[in-house]
Structure formats: C-alpha cells, structure tokens
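The structure appears below as structure tokens.
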Number of protein chains: 4
Amino acid sequence: MSDLEVVRFVPERDQYAWTFGGVAPVARIRPPAILEVFTEDAFFGRVRSERDLVSEVCEFPFVNPQTGPFYIEGAQPGDTLAVHFVSITPARDWGASTTIPLFGALTNTHATALLNEPLPELVWLYQFDRDAQTCRFTARRGGFTVDLPMDPMHGTVGVAPASLEVRSSLVPDAFGGNMDTPEMRAGTTCYLGVNVEGALFSLGDGHARQGEGETCGVAVETAMNTVMVVDLIKGTPCPWPRLENDSYIMTTGSARPLEDAFRIAQTELIRWLASEYGMDTMDGYQLVSQGVEAPLANVVDANYTSVAKMPKRYLPGRSVMGGMHANLRELAAGYGG
Amino acid sequence: MSDLEVVRFVPERDQYAWTFGGVAPVARIRPPAILEVFTEDAFFGRVRSERDLVSEVCEFPFVNPQTGPFYIEGAQPGDTLAVHFVSITPARDWGASTTIPLFGALTNTHATALLNEPLPELVWLYQFDRDAQTCRFTARRGGFTVDLPMDPMHGTVGVAPASLEVRSSLVPDAFGGNMDTPEMRAGTTCYLGVNVEGALFSLGDGHARQGEGETCGVAVETAMNTVMVVDLIKGTPCPWPRLENDSYIMTTGSARPLEDAFRIAQTELIRWLASEYGMDTMDGYQLVSQGVEAPLANVVDANYTSVAKMPKRYLPGRSVMGGMHANLRELAAGYGG
Amino acid sequence: MSDLEVVRFVPERDQYAWTFGGVAPVARIRPPAILEVFTEDAFFGRVRSERDLVSEVCEFPFVNPQTGPFYIEGAQPGDTLAVHFVSITPARDWGASTTIPLFGALTNTHATALLNEPLPELVWLYQFDRDAQTCRFTARRGGFTVDLPMDPMHGTVGVAPASLEVRSSLVPDAFGGNMDTPEMRAGTTCYLGVNVEGALFSLGDGHARQGEGETCGVAVETAMNTVMVVDLIKGTPCPWPRLENDSYIMTTGSARPLEDAFRIAQTELIRWLASEYGMDTMDGYQLVSQGVEAPLANVVDANYTSVAKMPKRYLPGRSVMGGMHANLRELAAGYGG
Amino acid sequence: MSDLEVVRFVPERDQYAWTFGGVAPVARIRPPAILEVFTEDAFFGRVRSERDLVSEVCEFPFVNPQTGPFYIEGAQPGDTLAVHFVSITPARDWGASTTIPLFGALTNTHATALLNEPLPELVWLYQFDRDAQTCRFTARRGGFTVDLPMDPMHGTVGVAPASLEVRSSLVPDAFGGNMDTPEMRAGTTCYLGVNVEGALFSLGDGHARQGEGETCGVAVETAMNTVMVVDLIKGTPCPWPRLENDSYIMTTGSARPLEDAFRIAQTELIRWLASEYGMDTMDGYQLVSQGVEAPLANVVDANYTSVAKMPKRYLPGRSVMGGMHANLRELAAGYGG
C-alpha cells in the first residue's frame, strides 16, 4: 500500500541497544507504518565457528543486541502497541547455538546456585537450506545429522518498562523483552502495553527455530531481516504481552517460579475473555480449563515465560482488540506480506 | 487375535482403589494381554447436576477411584510395563466439571496457603454428541455455548510406588498416577517402571477432554470404557513414565515447583536418547533444545506434570523400547483397535 | 510421678519402621504416659568410618529407621497428639555426617534434575565431648577443627498420614515426619493432628546438632535415648504440626517451592491466633508480620520445611492448647525432666 | 575522630531517588567518611492515619524513596563498598504499617496471579516509646495491644546495578536494594559489590522493627536519622551483599523461588569461607550444614531474600574482608557510635 509510511533501519555496529528503556530512539514512526529492520544475532555476530566460545568472544553485558528503540508517535501510557510480523527471514545461511556456563534449564546457574562444576561449553553450527526451509543439526560426537524445519521467530520483542526501570535485553517481563516464544513468528500480531511516551519499541534475538522451553538457553541464533506493520490502539491497556494469529489468541506471563508464569498467562487470558466478550470470570476459568493450549516459551531466562493459547473457534465470533489483527493482516497483504 | 488373553473387569462399587499401592490386586494378567475395563469418573459418579457440589456430595479421600490394581505376571522391579491404549470411550452421554474449594491453579490452595476467601464452587455439565465427537460447554452466566472436540484420555495411570509407599490417586509422581496429560489418549503407549512384584497397575480419571495445565483442576470428567494391550519389557527400567505414539516419543516429570517437573522430563528425554541411540549427552541437550515440544499436563495436582515431546522424524530411524509400540499397535489392530 | 505409665521400647534390628503409616504398632500407650525409646541413626548405624559411603553401605529404602509406631489409646481423627520431649541424649560418643549423591540443597537432585556430574560423596565423623556438650568438626582437607555446641533433636517425628497414604520416613508433610527442624529439642512440646485411630506415632533421625536448612541434607546423625511425655487433646484438630516451648508457639509448613512452606506455616500461625485468642485474621496478619521469627528447617527433603515462631510475650497472657505444654512440663518435672 | 570527613544529607522533597541506577549523585564521598542522612518512610510520609490507604495516598512508582545516590570516590567495578551502620534512629514518634492490595506473602499478587478477590486494605499506626524502646501494636478489632521491642533497620540499602540496568527501589537483587532483612541494624557492616564508577550508594525504607519474612510486605515503616561509616575495599569483588557484625558473618541471596534465594546465600557463604580461609568447598558445605542460621528476610518482594549467618566462633580466628568491620567499628567509636 503506497500510502503507508515505510521506515527501514539497519543499525551501525554502535547503534544497537542492550536494554529496554534507558536508550534514545533511533527513529520515529507515525503509525500505522511499515517497519523493516535488520537484527543482529544474540552473540552480536561473534560466534562463527565451533571454536568461538561465548565466554571468550562475547563481552557481557553486550549480548542480545536490540534493533531500536523506535519512538511511536502518539503512544502514551495506557495505550497498546500492535506489531504484526509480516516476514522474518534469516539474513545469513547459517546459525549457531551454544551452551553457556551457568546458563540453561539443566545446569546450575547464577540463580540456582549449586556447588557442581558447570557443564562443558560447546558450539553447534547449523547450515540453512533455504529451498527446503531446513536447518541442519550435526552432533559434535558420533556424526548424527538431521534437518529440522526452519521456523523463524524473534526471541526478544518489547517496549520500555514501567516504574522508571531499565532492563537488560536478556530479561522478559510485563514489557515483553526476552520471552523466547516460538509463537513470535511471521503471521502473528504482538500486543504490548505502552509504559512511556513513544513506547520505545525494539526487537532482536532472531531464531531460525527453537524448542519449547529453549532448554539449553540458546536457540538456533541468526541475524534476521524482518518486516512488520506497526499500529497503535489508543486508550486500551495491555498488562502483559498478548499475541494473535489467524487461529489463536494468546497471552504470556513471565515470572519465577514457572507456575507463576503459568498463572499470569492463564489469568490474563480469562480477563481478556471477560473484557472482550463480557464472559463471567468463573465461566472463563472453566472454558480455559478445557480449551487452552499451554506451550512453554523459555525456562531459562531471568523470568520464565509461559504462553496460553485459545483457539478462536472456541470463542464467540467477534474479533478482539477492535479487529486489529485482521487490519494489520490486510495492510501487510497490500505490502506483499 | 484370538490367541491373546482378554481380561475384562468392571468393578463393583466397593471394588475401586483409592491409592496406588496398598491394595490387593483385583485380577492377574499374563502379558501380552488385552485388558478391557470400565472406569468411574473422578467424582465416583456423584456429580450429576449443577446442584451437586463436590464439597457436599463427595467424601474425601474417596475421590478419583481407580480400576485395578492388576497384577502383571512376571513383572519385577527393574522391568517396564507397557500399556497401549486401543480405545477410550465415554461410557455416558455427559460429563461434568467443577471448581473445588482450595484446589486449582488460579486460587489459594492447601499448599499455596493464603488468607483470601476461596473461589465460588460451581458445576458445569457437558453433553456429548457422539456423532460429531464434541462436548458442549455452556456458560453458567450469559448463555454462551460452544462445542469442543472430544479428545478422550485418562488422567490417572500408574503402578504401585517404590520405597514402600502408598499414594493417593490424586498424586502424580515417578510411579505415574494422576499426571493429567491429554497425551494419554487412544493410540498411545505408556511405559511405567515396575517397583513391586506384579507391578499393580491401575487407571481411572477419564476425561472427555482437557486443556493443557488443567487450569481449574477439573477436566470434563466422565466414566470410560477402555481397551488396552498390556505387555512387559523385562530388564529395562523406566525411571519416569514415558509415552509413545506414531509421531512422538515423550517423557514426563512430576514435581513442584513446575520448573523441576520440566527439568525431570527434559533430562529423561536426553537420557533416553543417550540410551537408545548412544547420543552424547551434550548433543542430546542441544537437539532437544531445538526440537522439543513442551506442553504442560497439570499445574494443579500434588505434583505438577510437564511433558517433553520429541518428533520421531528428528531422530535416528530406529524404534525405541525394542519396538514395543509397533508391536502393541499390531496386536491392537488384530484385536480391532 | 509414679502414677504415670512408663512405656520403654528399644527396637530389635528387625522392628524398625521405614514409613509413616502401613506398619503395625509395636506398643500401645494409654495417655498421659512416659515414653522412653532408643532411636537408631538415619544410616541404620552403618556409617561408622570415613570409608562407609551411604551409597555403598545403606540399602534404599531402608534408611531413616523410625522407632514405633505407638498406638495411642483413644486417639481418633480430629484429635491432637501432644508429645513433650523431656530429654534427647546421644546414645553414642560420636556421630556422622555425609554427602549423598543427588541429595542436598546445593547439588542437582532427583527433583532438580540437571545434567551435571554429582558432587563427591564424603563422610565426616564427629566426636562428642559430653562434659563440654560439644561435637567436633574436623575438615577432611587442611586440618581445621572446631567444637560445635551439642543441640540434640529429632529430625523425624510423626503420625500415620491421612488419605490412606503411607509415606517414606524421608518425607515431611502435614502428618509431621522428616521435618528436620532444630526446634524439636528437649523442652519442646510437639502437637500432631491424628489421622487414623490410634494415631500411630513414631520418631527417629536423631541429630546431635543441625544448621537451619540442613544444607547438605545430612546433620550430625546419631542414635538417641529419648524420653517423652505423651498426651492427647480430644476434639481439637491440628492441621499441621505445631511446637511449643516456654518462650514460643510455633507452626510448621512442609511443601515445595519453599515459599509455599512459608505460606503454610504463617497462615497456620495466624489461624492459631484466631482460634485461641479470637484475634481478627487481618490483625493476626499484621502482628505476625512484625513479630514472627522464620528460621528454615530443611531445604533438602521431599518437601521443604519452614517454621514460624511467635514469642509468647507478644501474645495475650493465656496459654494455648488448653495449657497442655505447662501440664506436660509439670509431668516431666515429676519424672525428673 | 575529627579527621574523618562528615557528609550530612537531608533530601528536599524533590531530591529522593526511586531507583537504583539511573539517577545523578546527590553528593560525593571520599572514603573513609561519616555519612549522616535522613530517610523518608516507604510511603513517602503519606500514610499518617488509619484513613490513609496506600492505594489512595501513594502514587506509583513514587514509593520507597531512597536517600542518595552518593558517589564514592575511587569506587570501580570489582571493588567492594563497606557501610557500617553506627546508628539508626526513628525520626518520628510513630510508624505505620498497612496491607496493600495484591502485595504480600499470604495473598494473591501480580506474580502469583489468582482469581480471588484481594484482601482488605488496612492501616495500623504504631506509637513509639523512646525510653522503653518499644512500638505499640493495636489491633484494629477487639482492642488487643502489645508493646514490641524497637529494632530499627533499613529495608533498602544498595548500589547501582550491573548490566546497564536501572531497578525500582522495591527490588532486591545482587546490587542490594530492598532486601528487607532485620540484620541491617546498627552495629552491622554491609558489603556491596561495586558495579559502576562511584558505586552510587543509596538507602531508605526505615523499619522500627520487622518480622522475619515481612509477611504482609510492610514493616513498621518510619523515617530515620542514620549515621554510617563508609569505606572502600579496592580490588575485592562481592558478588552478593554480605553483612558482618561482632558475632556473625552473613551472606544474602535474593531470587524466586525462595529455595534459589537460599541456595545463593548458602553457596556465597561457602565460597566466602573458601576465599578467606582456604577452606575446601566440600568441608565448607559440611561446616555450614551444621553451623548456619538461616532466617528469612522477605518473602514478598520482587525477589525473595534469604540470609545465611555463620557464628564467628565456629570459624578460624582471622577476620574477614581485611578486618574492615573492626576498623569501621573503631572509626565509629571515635565518632561516638
């Protein structure tokens, strides 16, 4: 659609953000608009071979670089930012995954502080086959290989936090951030509550694919070229990030222990049903109890993230969020998405 | 297959078991054999209208009745029992769900002990349409109804526990029990490690369907007529319940907090890959990190249950557990399953 | 007091119990009565030198032997058993502590299942100085020694569980069991809710001393000669174990995660204030918030245990539990306690 | 000691800080120096009667005001700041405590998100008796009153966080912050690892007294006049806040779930013993297991805080942290502390 503003931003090496909040915007966007960006991988591009150990080539806290933040004109606290992912395309023909000392779900960590020796630090490189849309896992020992389906997504999508805070790009919370859910793929609309003027939206942490829970803490990390449609819902708050695709409405919760992440996502879903459809809370509790899908996003980050997915076919036939997802779908289609 | 023993057992009202362990067997089975049973619903059939509140009509601890236990001839500690579900068919045209005071994921409970007033106690009745294979949700307030797909399963499947213990049928743990995973459906083989001579297998808690996490703690509860093929794998232990269907191998973990349930299921999956395929543990950690699906089972019971599902197409082409699932599939097919 | 029945019981090697519930009573007691027992150490006496590794000399599940159970005449569900510890005296001149593979707060465990190698398995022997009332810690490496004060206690004190269950003596829960709190020392009265006819009281797991939290999972384990006064409070339930000494009333909670154990202990304390003093729940919440002491008991067992201690000097001047503690104190004094 | 610099700072109403990090320093301190400050109470002084509900009179995020930050000259990342509390004196004759909707250990919260109605919001005012050193609790219902001992402390003590973050003053973490431990009293030295140039130290949240765990989330809040001696340990890091008084060395951990807070505090204590005394890690694990005291600090804040206290009499006779506590004690004595 020629009448949509198109903002394209490819950061210079010194233009990445390492936090949500606390950073000046790199560009301003007048919604609705198309946003085209390049995102660097979570290693800042420094893991390129099996010899590139994160503990040696990365320099904390300069990991998980974010592209942005973008100042959304008109965005005020109490509004909701809607970001529809039109396409998420790996910018390289390969990705990398690693173990990282004292990080991951199945090892002692800085929080689950134990006396054990850390696990070994290893790198796995994945070659992508763009035609077949696969990425190849190769075992470090024993030679087993398998082609896994590509399923490109962004691990980190968020806005500036509330409460005057600035959070590391490794953290997921109510502002979004490092949620690491495979649901953040092309075709999905992400809703984020605005906490500060201009929202200050940024994103990064592209994954060619990821298991649910992101068990070792690292997905198939790669740089991405990503196209979004961005719009604003005035006067409607969004306490925790929500997602929508053609088949599901979804809520997220990020907390520790993991049951609290689950509780947040599930209550948010019930409250969403109440606000959109006038559904009684106890009826919503019952319907969600029988109908919800509850895939884990991450069980490794500073907060763990749980997703609650409700099939739209189980719900009244009205759209949510004022029909924003369909609107953005249409705008994206006009744009070629 | 006329040469398979068929054991059929429909309990009298006084023949149900309320625990795993601590109960004399109701029948003996020489594996492989067909087992046909009736299971009563978790309310012992006492919730039949919206006026039948659990706190009034049920008598603790006499809830979640189990059919069994069955003594499996030849089963010794260190063996694994394999139970393939041929069919799970609701025995009634309706099911019931409820809230129960101080039980469920989104309320104060006996364990998450708070000072709040409990939530209201309510009953929802579901009518089943056997042709359409749906169960109808009807909101208590406001009149919304929706037909949800039937997806019959058993919430509770297990053997006698280790360590001389006897556990309530409400508990899931390493012996199986009240795991409440929707994966326990027809077409699935469940593997259970044997802890005592004869294994003492029992099952119950039929659900016409259930959301992942079983948020309010109660699914669409109904009586079931269930057909299984039961066999024994001698000399192979199974530390935590595993499941297999045509597409996935799956592990389970049951613990609190929920991240520990996740950790158990994920390490068990990695160790399974190591033992079946000789895969290096770190390679297994990596492959699982990118390939696993991690749906929640329950976040309400005495232990929470997490499932780790690995698509077989991501794994070497050999079968697991000595090909038991395919064998039981075949036996079931001969039997009409 | 010559008119108190005295029951003395020193088990034969084959008379120990390994569970709460599921065991026939070894003796009957008509309360109030004096109970004198010998308890073997948690290793069943098999760790006697630095070469005696638990994984080699102990035979699971035959660890943590209990002396009992004792059938308390007249005890019915809904009553409360009161056990006042008159004296707890090490029966040997030495104790032992160890690390145990996959057990302890600072290591991967069967529940917190990680891929790390287990910690080393080691034994520390402690010599007791009965005159100085100390036990000597000697570092395995480097020669540091220090005399720690003796503070004898029982880690495991309980009755048969509710819900038809039988639980390992390694488990703490509402029935008591392996709470591992240093508060279970001489001078303390322990209140336990009765779940089955006769209560079926047993105890064991003597500790010469223990840190709060029992970090490595093993205290200074030793055999004990223990004298108690046992009595019954008819018609008063006790949902979770309570303790009382001359200065404090105390509640316990055992659960995972640890905050749930805390929540149970704290709500139980507030409800105790409400039932004994008619204190409004919100006022109790406030008074407890400012006055409570909250030492950890164990952060290693199947459930973690938190203790809530309220100084009696902050409370109305009336005694609790009908003055039972003072009564038992007096009976104990008559007996020489 | 006339040769110590004395910095005195009483903030204007618009000079308080609401975060750790992200705020320009209010003064510079050349260590060692005396620091005298006034701190406003956590309500910013706005709760002055039983009618002043936090939800009405406070304006989030402007709660828990901090006095500071102070720029410590010479402080670099990798150094440790030492703050010895000489005196902590209530600046008013009264304090206030409250319940706050969706906050506290025994209620549903924003993280433990449930469907229950929140608890009632109430205020309790405490009058202080400076001669008797008591604060008087008065029940809102039923008229019970009791004088509790004063035990003045600071709930919030910290420096700017690492990782470019800015954290709300309600958060405790590795930078210190809202730890809410009663151990932060006069006579104690607090060690804080420096993350940014100048450390940026601030403090607030005075409590006339507090129970362990701060159950309802609010202590007896009051303004304080506080005197400290501040010094710097160059080249020694301090990963998590440590405390020291004449009798104990102490470590803290802040995390969720609570067992992770416990694990951090306990491993930090063992590592401290290793670094100061060369004690083998496994020997430290054993000694701590038998000797540690583990009082809870808070089970209500964004992270829960656990304290590990080791009696100095159980340790080798050398001082820790280069004798800093004794040095500051002496400087304080010279100053009249």
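The values are calculated or read from the model by the stated rules, or taken from the named source; none is laboratory data. Note that the structure is a prediction, hence the values are computed from the model and not measured. Every residue, glycine among them, receives a Cβ derived from its backbone with ideal geometry; neighbour counts consider all protein chains shown. Calculation scope for accessible area: heavy atoms of the full protein, side chains included, ligands and nucleic acids excluded. Shrake-Rupley method; radii C 1.70, N 1.55, O 1.52, S 1.80 Å.
Across identical copies of the chain, D:S247 has label-point separations of 0.9, 6.4, 6.4 nm, listed in ascending order, with the point defined 7 angstrom from Cα along Cα→Cβ.
For the stretch D:109-260, taking the reciprocal of the average inverse distance between every pair of different Cα atoms yields a Kirkwood hydrodynamic radius of 17.5 Å. Cα centroids of the stretch D:88-105 and the stretch B:1-76: 55 Å apart.
If a/c stays under 1.5 just call it rounded; otherwise compare a/b with b/c (prolate if a/b is bigger, oblate if not). Do that for the stretch B:25-184, with a ≥ b ≥ c from the square roots of the Cα gyration tensor eigenvalues. Numbers along the way, then the final one.
On the way: a/c = 2.32, a/b = 1.39, b/c = 1.67.
Since a/c reaches 1.5 but b/c is at least a/b, the shape of the stretch B:25-184 is classed as oblate.
Rg/Rh for the protein assembly as shown stands at 0.95; both radii use Cα atoms, and Rh follows the Kirkwood definition. Put simply, chains B and A cover up around 5000 Å² of each other's accessible surface, both sides summed, when a 1.4 Å probe is used.
Ligands, DNA and RNA aside, C:S275 has an accessible area near 90 Å² when probed at 1.4 Å. Straight Cα distances below 25 angstrom link D:K312 to the lysines C:K309, D:K234, with same-chain residues fewer than 8 positions distant left out. Classify the stretch C:267-337 from the C-alpha gyration tensor, please: rounded if a/c falls under 1.5, else prolate or oblate depending on whether a/b exceeds b/c. The shape class here is oblate. Starting from the label point of B:R313 at 7 Å along Cα→Cβ, the same points in the other copies fall at 2.1, 7.0, 7.3 nm, in ascending order.
Given all pairs of different Cα atoms, what value in angstroms does the Kirkwood hydrodynamic radius of the stretch C:170-311 take? If you can, show how the numbers build up before the last one.
Working: mean 1/r = 0.0642 Å⁻¹.
That comes to 15.6 Å for the stretch C:170-311.
Where does the Debye-calculated log10 I(q)/I(0) of the stretch B:79-153 sit at q = 0.26 Å⁻¹, using only Cα point scatterers of equal weight, no solvent? Reported log10 I(q)/I(0), two decimals: -1.13. Shape of the stretch D:207-270 from its Cα gyration tensor (a ≥ b ≥ c, root eigenvalues): rounded if a/c is under 1.5, otherwise prolate when a/b > b/c, or oblate? It comes out oblate by the Cα gyration axes. Translational diffusion of the stretch B:50-108 was estimated from the Stokes-Einstein equation, with Rh taken as the Kirkwood radius over Cα pairs; at 25 °C and 0.890 mPa s the coefficient is 153 µm²/s. Rolling a 1.4 Å probe over the protein chains gives A:Y248 an accessible area of about 40 Å².
Please give the average number of partner chain Cβ atoms lying within 10 Å of the Cβ of each residue in D:143-150, rounded to a whole number.
Numbers: counts 0, 10, 0, 7, 2, 6, 4, 0.
Other-chain Cβ atoms within 10 Å of each residue's Cβ, averaged: 4.
As I understand it, the value is the acute angle between the Cα axis of helix B:281-291 and the longest principal axis of the Cα atoms of chain B; what does it come to in degrees, rounded to 10? Tilt relative to chain B: about 50 degrees. A cut-off of 5 Å between modelled amide H atoms, ignoring neighbours fewer than 5 places along the same chain, links B:I249 with B:M310, B:K312.
Per-residue surface analysis assigns C:S163 an accessible area of about 50 Å², computed on protein heavy atoms at 1.4 Å probe radius. Note on the stretch A:5-333: with charges restricted to the Cβ of Lys and Arg (+1) and Asp and Glu (-1), its dipole about the Cα centre is near 320 debye. Beta bridges assigned by DSSP with both partners in chain D are antiparallel in approximately 90 percent of cases. In terms of the mean number of neighbouring beta-carbon atoms within 10 Å, the peptides C:32-40, A:130-138, C:48-56 order highest first as C:32-40, A:130-138, C:48-56.
Could you give the Stokes-Einstein D for chain D in µm² per second, using the C-alpha Kirkwood radius, 4 °C, 1.567 mPa s? Could the numbers behind the result be given before it?
Details: Rh = 20.1 Å.
My calculation gives 64 µm²/s for D.
Shielding by partners for C:259-272, please: the mean number of other protein chain Cβ atoms within 10 Å of each residue's Cβ.
Details: counts 16, 11, 4, 10, 14, 4, 2, 10, 9, 1, 1, 4, 2, 0.
If you average over the peptide's residues, the count of other-chain Cβ atoms is 6.
Remark: label point of B:G334 defined 7 Å out from Cα along the Cα-Cβ vector; separations to the same position in other copies 6.5, 7.6, 9.4 nm, ascending.
Distance between Cα centroids, the stretch B:198-242 to the stretch C:157-205: provide it in whole Å. About 32 Å separates the Cα centre of the stretch B:198-242 from the one of the stretch C:157-205. Peptide C:58-70 has a mean of 1 when you count, residue by residue, the C-beta atoms of other protein chains within 10 Å of its C-beta. Legend: P(r) of the stretch D:125-173 from all alpha carbon pair distances, 5 Å bins from 0, whole percents, reading 5, 16, 17, 12, 10, 12, 11, 9, 6, 2, 0.
Working from Cα pairs under 8 Å separated by at least six residues, relative contact order for chain D is 22 percent. The angle between the Cα long axis of helix C:258-277 and the main principal axis of chain C comes to about 20°, on a 0 to 90 degree scale.
Taking label positions 7 Å along the Cα-Cβ direction at both D:L4 and D:A24, the computed distance is 3.0 nm, reported to one decimal.
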